Amino acid sequence: MNPIHQLLTSALSFFPKPFVKPFAMHYIAGEKLDDAVRVVRTLNSKKMMATLDVLGENVSTRGECLMSVRACERVLHAIHEHRLNGNLSLKLTQLGLTIDEEFCASNVRSVLEIARDYGNFVRIDMEDSSTTSATLKLYERLRSDGFENVGIVIQANLRRSEDDMKRLLPLKANVRLCKGAYAEPETLAFTGRDEIRSNYLRLLNVLLSAKCYVGIATHDEVLLQSSLQTLQEKHFEKASYEFQMLHGVKTTLRGHLVESGHRLRVYVPFGEQWHAYSMRRFKENPRLASTVLRALFSQD
Ligand code: FDA
């Protein structure tokens, strides 16, 4: 990250929300479920699948967690009602992971049961490394409780991910593979671009060879090219993976993948708690500095 970008990204977290909101909305479907439904309909009409995310994380009271559970349930009802081609992504800290693991487990179970009734699927997003062990443990527990409609995420930047992945292979886990969005210390994470890319490709290969369904979640064109090459060389079937991208990022790339016959899913976040999510996206946006500076100087 160049110094101006770094400075702006840190500064943006202190800017008043009304200033930041227009930039944040680039990555978010809107504040209401109806906004997300509209976006997903458009994606579906372009042969793209979606995963909906009710924004919110690190919730601190049981009451807020229960509100998040209800919001997740509303998403599942809406997907069914509007016949959308989409599923749900959720964060465990939104459902109480850092309050009480048992409480969180029972919250996730009630969401999974509704999803199962609809024949739908729920992906547990992966958050920062302080939650990795607890997230994997809960995922394994849900699978041993008989839930087949749940998936997990592995972050290629974490040094521990290879070992974590080995635990998931016998479960034939449905894994979203991403680089990892959280700033982690060098003791825990690879920080060089090339080492993250090679770890990503190593993990992708092992997962696909073990017949785990993989969500290849990246917008990195080098990584996408290498992934496509691996898929072709090893003759992995198109039904054994999908590409995944974030709403508002690299939209032209998606079209190319779909036209070439690959399955593609777009992550569609919505809701009022857009701040933490959009801060992570700003950090990844190479054009952020120029966009914000242009906006600052075009203010009346
Ligand atoms: P990289 O950051 O190198 O970006 C490659 C290129 O894509 C950039 O050069 C730029 O052109 C474009 N780009 C990327 N991000 C952009 C942005 N915000 N704005 C504008 N352009 C951008 N992480 C995590 O820790 N836990 C999770 O559960 C998930 N879930 C998840 C789901 C899906 C569907 C995706 C695509 C990603 C995630 N992530 C995630 C985020 C992921 O870990 C990673 O932080 C981002 O995808 C950015 O990494 P890339 O692989 O795209 O590479």
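Points to keep in mind about this one:
- Count of residues meeting criterion [over 22 Å from the mean Cα position of the chain (by Cα) and either polar (S, T, N, Q) or part of a loop (DSSP other than H, G, I, E, B) (or both)] in region 11-24: 3
- Residue pairs meeting the criteria (Cβ under 6 Å; at least 6 apart or on separate chains; first open to solvent by less than 60 Å² (accessible area, probe 1.4 Å), in region 141-162; second within 13 Å of the ligand (Cβ to nearest atom) and among the charged types (D, E, K, R)): 151/123; 153/125; 153/176; 156/179; 157/179
- Flag if residue 169 is more than 15 Å from the ligand (Cβ to nearest atom), at negative phi, open to solvent by less than 60 Å² (accessible area, probe 1.4 Å) and out of contact with any Lys or Arg (no Cβ under 6 Å at 6 or more places or on another chain): yes
- Residues (open to solvent by 30 Å² or more (accessible area, probe 1.4 Å) and out of contact with any strand residue (DSSP E or B) (no Cβ under 6 Å at 6 or more places or on another chain)) located in region 254-270: 256, 259, 260, 261
- Pair list, Cβ under 7 Å, 6 or more apart: region 15-36 residue open to solvent by 40 Å² or more (accessible area, probe 1.4 Å), other residue in a loop (DSSP other than H, G, I, E, B): 26/248; 31/271; 31/272
- Residues of region 11-60 satisfying the condition of being of a type in the set (Ser, Thr, Tyr) and within 16 Å of the ligand (Cβ to nearest atom): 13, 27, 51
- Criterion: modelled with pLDDT of 90 or more and within 13 Å of the ligand (Cβ to nearest atom) - qualifying residue of 229, 244: 244
- Given (1) open to solvent by 10 Å² or more (accessible area, probe 1.4 Å); (2) closer than 30 Å to residue 82 by Cβ; (3) in contact with a Lys or Arg (Cβ under 9 Å, 6 or more places away or on another chain), index of the condition residue 106 fails: (3)
- Residues of region 187-202 that are open to solvent by less than 50 Å² (accessible area, probe 1.4 Å) and closer than 11 Å to residue 230 by Cβ: 200, 201.
- Tally of residues being among the hydrophobic types (A, V, I, L, M, F, W, C) and either within 16 Å of the ligand (Cβ to nearest atom) or closer than 20 Å to residue 267 by Cβ (or both) across region 126-148: 4
- Contacts under 6 angstrom Cβ, first residue in region 279-293 being within 19 Å of residue 246 (Cβ to Cβ), partner at pLDDT 75 or above and among the aromatic types (Phe, Trp, Tyr), 6 or more apart: 281/27; 288/282
- If you go through region 51-74 and keep only what is free of Cβ contacts under 8 Å to residues at least 60 places away in the same chain, in contact with a Phe, Trp or Tyr (Cβ under 9 Å, 6 or more places away or on another chain) and open to solvent by less than 20 Å² (accessible area, probe 1.4 Å), you end up with just 65.
- Filtered by the rule that a residue be charged (D, E, K, R) and either touching a helix residue (DSSP H, G or I) at 6+ places or on another chain (Cβ under 6 Å) or under 30 Å from residue 241 (Cβ atoms) (or both), region 49-72 gives 53, 57.
- Being away from the ligand (no atom under 11 Å from the Cβ) and either modelled with pLDDT of 95 or more or buried (at least 16 other Cβ atoms within 10 Å of the Cβ) (or both) is a description that applies to residue 239.
- Screening region 111-131 for residues that are under 21 Å from residue 189 (Cα atoms) and touching a residue at least 40 places away in the same chain (Cβ under 8 Å) and picking the one that is surrounded by the fewest Cβ atoms within 10 Å (Cβ to Cβ) gives 128.
- Meets criteria (modelled with pLDDT of 95 or more, assigned to a loop (DSSP other than H, G, I, E, B) and within 12 Å of the ligand (Cβ to nearest atom)) for residue 219: yes
- If the condition is being assigned to a loop (DSSP other than H, G, I, E, B) and among the polar types (S, T, N, Q), then region 162-202 contributes 174, 187, 191.
The values are calculated or read from the model by the stated rules, or taken from the named source; none is laboratory data. For clarity, every value in this text was computed on a predicted model and none was experimentally measured. Neighbour counts are summed over all protein chains in view; Cβ atoms, including those assigned to glycine, are modelled from backbone coordinates with ideal geometry. SASA here: full protein model, heavy atoms, side chains in, ligands and nucleic acids out. Shrake-Rupley method; radii C 1.70, N 1.55, O 1.52, S 1.80 Å.
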